[in-house]
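Below: the structure, in structure tokens.
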Amino acid sequence: MSRTLFFIFFLFAVTQPTLAQFGTCNAAKLKELPQRKLIVVTELVSPRLIELLGKKRKTREIDLYKASVENYNANLRTIVERYWPFRKDIEYMSFSEADRLRRAKAKEYAVLYCGHVENFTTKGDEGARHHSGLVWEENFPTVNGKRDHWDTYAVMEIKLIEDLGKQETVFSQNLANILPDKADLLFGMQMLNQYVQADAAKAKFTQLQDVLTYKGTMPDTTTLLLRKDWLHPYLNESNVGSLYPHPYQVVEAADYQTKIGCTDSAFAYVQIIPEVDSRKAKIKVSYLHLVLNAADGAVLAAYSPGGQENDGKIITKSALKEYVRQDRSGNKR
């Protein structure tokens, strides 16, 4: 991700090691959330980015950028209000407004936001810079198509308000896209609910991998939604059936967002989650494919393609075969 001339909307940038984890939860801090009001951080339009695009006469990109920020905020509001598992007194504000409450020691809040993790790419550096907010750059229309996670990736995080600017989180979940779309936000909130349900059942989940030990069921009527732009080029609507013998639909990205947004248990959807290990020698990116129930986020199948970084972030023949290795009762064959 280019580092120059672009608006970076964040209040804190915390430098810390990046450990190889797909997602984490602090069970002790999780118990604080039911008593807390929730602040949801929404994105603001950047005058600096608009000015830059204007100088380059990119009028279309300016309109697209404004619409993208508005759409992100609307999706975030919709998903949080539907899936936040605790008290429903939810407030929406910027990070600067949330930080004013932190400085005023208003400890009755928790803060939810999506932010970027910027991996150090200079030889000899280790770790990453965690931005408490999204980084919108001139190339924003193309970043989700490339999904180059070795440079930057997105996380959904929840912190107790007194922990803003610190490393400590209640919940942190890596997301598939660089700029989170509706499916990413849905996935993040559904994973939070998995931890909450586990805590209620006296199970202490601390990583996403713990969630995978409890798999849901996939009835024969469940239709798997496959994003066309995530399929390997040799896969299409007609030949997927030879590898995945259950109901499925290959859909465009927009249709994918609409269908899972209905949270219909008749659908399952795929998320491809990056795990980034930023070390002095190199940055290693691994991927985890999850098939999830669209209604409640129950994990129906999981597959990690190992070290195949490029093929790992798309749906290949091997991936589809692994999705099928879960029988329809949720048990491995």
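The values are calculated or read from the model by the stated rules, or taken from the named source; none is laboratory data. Since the structure is predicted, the reported quantities are computational estimates derived from the model, not experimental observations. Neighbour counts are summed over all protein chains in view; Cβ atoms, including those assigned to glycine, are modelled from backbone coordinates with ideal geometry. We work out accessible area using only protein heavy atoms, side chains counted, and drop any ligands, DNA or RNA first. Shrake-Rupley method; radii C 1.70, N 1.55, O 1.52, S 1.80 Å.
Scanning the stretch 188-221 for residues that are part of a helix (DSSP H, G or I), more than 23 Å from residue 82 (Cβ to Cβ) and more than 16 Å from the chain's Cα centre (by Cα) yields a count of 1.
Of all residues in the stretch 284-305, none that is of a type in the set (Gly, Ala, Ser) has its Cβ atom under 7 Å from the Cβ atom of a residue that is part of a loop (DSSP other than H, G, I, E, B) and surrounded by 23 or more Cβ atoms within 10 Å (Cβ to Cβ), 6 or more apart or on another chain. Taken over the stretch 66-93, the criterion of being of a type outside the set (S, T, N, Q), assigned to a helix (DSSP H, G or I) and either open to solvent by 60 Å² or more (accessible area, probe 1.4 Å) or over 30 Å from residue 297 (Cα atoms) (or both) is satisfied by 66, 70, 77, 81, 82. The residues of the stretch 127-171 that are of a type in the set (Gly, Ala, Ser) and either in contact with a helix residue (DSSP H, G or I) (Cβ under 9 Å, 6 or more places away or on another chain) or part of a strand (DSSP E or B) (or both), listed by number, are 128, 132, 133, 145, 154, 165. Do we find that residue 160 is open to solvent by less than 50 Å² (accessible area, probe 1.4 Å), within 21 Å of residue 83 (Cα to Cα), in contact (Cβ under 8 Å) with a residue 40 or more places away in the chain and out of contact with any Phe, Trp or Tyr (no Cβ under 7 Å at 6 or more places or on another chain) in this structure? Answer is yes for this residue.
All of (1) without any contact (Cβ under 8 Å) to a residue 24 or more places away in the chain; (2) of a type in the set (Val, Ile, Thr); (3) over 30 Å from residue 54 (Cα atoms) hold for residue 142 with one exception: (3).
If you go through the stretch 110-126 and pick out every residue that is open to solvent by 20 Å² or more (accessible area, probe 1.4 Å) and modelled with pLDDT of 90 or more, you end up with 0. Hey, does the stretch 220-228 have a residue that's open to solvent by 10 Å² or more (accessible area, probe 1.4 Å), farther than 18 Å from residue 315 by Cβ and among the acidic types (Asp, Glu)? Checked the stretch 220-228: at least one residue is open to solvent by 10 Å² or more (accessible area, probe 1.4 Å), farther than 18 Å from residue 315 by Cβ and among the acidic types (Asp, Glu). A single entry from 253, 201, 183 fulfils the requirement of being among the aliphatic types (A, V, I, L, M), within 30 Å of residue 74 (Cα to Cα) and either without any contact (Cβ under 8 Å) to a residue 40 or more places away in the chain or open to solvent by 20 Å² or more (accessible area, probe 1.4 Å) (or both): 253.
Listed conditions (1) more than 22 Å from residue 147 (Cβ to Cβ); (2) modelled with pLDDT of 85 or more; (3) open to solvent by 30 Å² or more (accessible area, probe 1.4 Å) are all met by residue 304, apart from (1). The residues in the stretch 204-217 that are basic (Lys, Arg) and surrounded by 23 or more Cβ atoms within 10 Å (Cβ to Cβ) can be counted, and the count is 0.
Conditions tested, residue by residue: (1) of a type in the set (A, V, I, L, M, F, W, C); (2) more than 18 Å from the chain's Cα centre (by Cα); (3) more than 21 Å from residue 150 (Cβ to Cβ); (4) modelled with pLDDT of 90 or more.
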{"position": "223", "(1), (2), (3), (4)": "no, yes, yes, yes"}
{"position": "232", "(1), (2), (3), (4)": "no, yes, no, yes"}
{"position": "237", "(1), (2), (3), (4)": "no, yes, yes, yes"}
{"position": "240", "(1), (2), (3), (4)": "yes, yes, yes, yes"}
{"position": "244", "(1), (2), (3), (4)": "no, yes, yes, yes"}
{"position": "247", "(1), (2), (3), (4)": "no, yes, yes, yes"}
{"position": "263", "(1), (2), (3), (4)": "no, no, yes, no"}
{"position": "269", "(1), (2), (3), (4)": "no, no, yes, yes"}
{"position": "321", "(1), (2), (3), (4)": "no, yes, yes, yes"}
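Which members of the stretch 42-65 meet the condition of being assigned to a helix (DSSP H, G or I), within 19 Å of residue 179 (Cα to Cα) and of a type in the set (Asp, Glu)? Scanning the stretch 42-65 gives 61, 63.
Under the condition of being at pLDDT below 95 and among the aliphatic types (A, V, I, L, M), the residues counted in the stretch 5-43 number 9.
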